[in-house]
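**Student:** Once you've had a glance at the structure underneath, I'll fire off some questions.
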Amino acid sequence: GQQLNQSPQSMFIQEGEDVSMNCTSSSIFNTWLWYKQDPGEGPVLLIALYKAGELTSNGRLTAQFGITRKDSFLNISASIPSDVGIYFCAGPGPSRGSGGSNYKLTFGKGTLLTVNP
Amino acid sequence: NAGVTQTPKFRVLKTGQSMTLLCAQDMNHEYMYWYRQDPGMGLRLIHYSVGEGTTAKGEVPDGYNVSRLKKQNFLLGLESAAPSQTSVYFCASSYSWAEQYFGPGTRLTVT
C-alpha cells in the first residue's frame, strides 16, 4: 500500500519563529490535506489542496501541493503557543481511480510541534 | 450544528466484554469512517461507509464490526474486547471522500 512520510517527526521552536514541515508519498496523489490535532482532541482540517503547484493560505498557515504530486509542504509563520499540536498530512490515494481506495485517506504519522513562549 | 459527536468519551472494559461506540453527524454527509489512533502509529482506518446501509473494511478491521442503519449514525462494535484494542477511537464524516471532519474521540482501555 501507499505510504506517507512526514518530516520532521518533532520540532521544538521559540514563539515567533517560522515552521516548515513536509510530507512525501510513494504514489502520486491528486489531493493533499493538512490536519492539526490538539492534545486530547480530534484532528481538525486546516488546508485542502487539489491541484499540482497550488499554494493555499489559511491565516498564518501556507501549504503547497508539490509539482511532482508526490509531496506537500506546510509552513507556519510567526508561531504562537496555541500552534502546539500534531500536524498530519493526508491523501486519498493514487491519481487513477482504483475503486474503493478513493474513499479512504492515508495519513502520515504526524509532526509534533512544541512552541516555547 | 454539532458536527461529529461520539459517545462515550471514555470507557474501561475487561477482556472479553463487548461494547458499542456511537458516532453521529448532523451535516448530512454520505461518508463515515472509524479510525483508531495509537502512539507512533498515526491514524488507521478500521471500517468505513459510503452511504446508509453500506459498510466496508479498512486497514485494521479484525475484532470490530460496524453498522450504518441511519445516514447520520455509524456504530462501531467490539464483540469480545482484547487489551490490543486499547486505543483512542475517532469517527469522521465527509461530503466527498476527501475532506473528512473528525469527532472528539473515545478513549478505550481494555484490562
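**Student:** Output wanted: per-residue J couplings in Hz (rounded whole) for the stretch A:12-28, from phi through Karplus 6.51 cos²θ - 1.76 cosθ + 1.60, θ = phi - 60°, x for Gly and Pro.
**Tutor:** 10, 10, 8, 3, x, 6, 8, 10, 10, 9, 9, 9, 10, 10, 7, 10, 6
**Student:** Continuing with this model, one more query. Taking only pairs that are 8 or more places apart or on different chains, how many Lys pairs in chain A have Cα atoms under 18 angstrom apart? Walk me through the intermediate numbers first.
**Tutor:** On the way: A:Lys36/A:Lys109; A:Lys51/A:Lys70; A:Lys70/A:Lys104; A:Lys70/A:Lys109.
Number of lysine pairs found: 4.
**Student:** Please label the shape of the stretch A:12-65 as rounded, prolate or oblate, based on the square roots a ≥ b ≥ c of the eigenvalues of the alpha-carbon gyration tensor (a/c under 1.5 means rounded; beyond that, a/b larger than b/c means prolate, else oblate).
**Tutor:** On the way: a/c = 1.79, a/b = 1.44, b/c = 1.24.
The shape class here is prolate.
**Student:** Give me the dipole magnitude in Debye, nearest 20, for the protein assembly as shown about the Cα centre, with unit charges on the beta carbon: positive for Lys and Arg, negative for Asp and Glu. Walk me through the numbers on the way to the answer.
**Tutor:** Details: 18 positive and 16 negative charges, 117 e Å.
So the dipole magnitude of the protein assembly as shown works out to roughly 560 debye.
**Student:** Work out how much length B:Glu99 to B:Asn28 would gain on full extension: take 0.36 nm times their residue separation and subtract the Cα-Cα distance, in nm to one decimal. Numbers along the way, then the final one.
**Tutor:** Numbers: separation 71, 0.36 × 71 = 25.56 nm, distance 1.39 nm.
Length gained between B:Glu99 and B:Asn28: 24.2 nm.
**Student:** When the C-alpha atoms of the protein assembly as shown are aligned to their principal axes, what extent does each axis show, in angstrom, from largest down?
**Tutor:** 48, 42, 35
**Student:** Rounded, prolate or oblate: pick one for chain A, where a ≥ b ≥ c are the square roots of the eigenvalues of its C-alpha gyration tensor, a/c under 1.5 means rounded, and failing that, prolate if a/b is larger than b/c, else oblate.
**Tutor:** Numbers: a/c = 2.19, a/b = 1.77, b/c = 1.24.
Prolate is the answer for chain A, as a/c is 1.5 or above and a/b outweighs b/c.
**Student:** What distance in nm lies between label points placed 7 Å from Cα along the C-beta direction at A:Glu15 and A:Gln3?
**Tutor:** Reported label-point gap for A:Glu15 and A:Gln3 is 3.9 nm.
**Student:** Now, a different point. Quick check on the stretch B:30-105: take the gyration tensor over C-alpha atoms, sort the square-rooted eigenvalues as a ≥ b ≥ c, and tell me if it's rounded (a/c under 1.5), prolate or oblate.
**Tutor:** Details: a/c = 2.04, a/b = 1.34, b/c = 1.52.
Here the stretch B:30-105 falls in the oblate category.
**Student:** Say a site is exposed when it is one of the trypsin sites (Lys or Arg not before Pro), sits in a DSSP loop, and has at most 12 other Cβ atoms within 10 Å; what is then the longest site-free stretch of chain A?
**Tutor:** Values: sites that count: A:Lys51, A:Arg96.
Between the exposed loop sites, the longest stretch runs A:1-50.
**Student:** Now for a separate question. At a Förster distance of 41 Å, what's the computed FRET efficiency of A:Ser77 paired with B:Thr15, Cβ-Cβ distance as r, to 0.05?
**Tutor:** My answer for the efficiency is 0.25.
**Student:** Between B:Lys57 and A:Lys51, how high is the FRET efficiency from 1/(1 + (r/R0)^6) when r is the Cβ-Cβ distance and R₀ = 30 Å? Nearest 0.05. Don't skip to the end; give the middle numbers.
**Tutor:** Numbers: r = 31 Å, r/R0 = 1.04.
According to the calculation, E is roughly 0.45.
Readers should treat all values here as calculations from the given coordinates under stated rules, not as data from a laboratory. Here the structure is a predicted model, which is why all the values come from computation and not from measurement. Every residue, glycine as well, gets a Cβ built from its backbone with ideal geometry; the counts of neighbours run over all protein chains shown.
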